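What follows is a single structure, written as structure tokens, with notes after it.
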Ligand SMILES: [Zn+2]
Ligand SMILES: [Zn+2]
């Protein structure tokens, strides 16, 4: 889902998109654009945050960087 790129010397962003893996009987889709490049050892990461799609009368917020698996806050 994450389009990792190696050209980390220039500032850029990525589009991301996916589906949550909640085990409470439903899932949400999420998508958006990452923040700007954050240089780290061996490459770069991006910050990402937002809200999932609105399903079953609620949504979820998420906030993470692209070096880790996306973590979704429970409502
Ligand atoms: Zn990048
Ligand atoms: Zn939910």
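Stretching residue 13 away from residue 64 to a fully extended chain increases their span by 16.9 nm, per 0.36 nm per residue minus the current alpha-carbon distance. Label sites at residue 55 and residue 29, each approximated as a point 7 angstrom past Cα along Cα to Cβ, lie 1.0 nm apart.
All of the numbers you see were taken from the coordinates with simple rules; none came from a lab. For clarity, every value in this text was computed on a predicted model and none was experimentally measured. Reconstructed Cβ throughout: ideal geometry from the backbone, glycine too, with neighbour counts over all protein chains shown.
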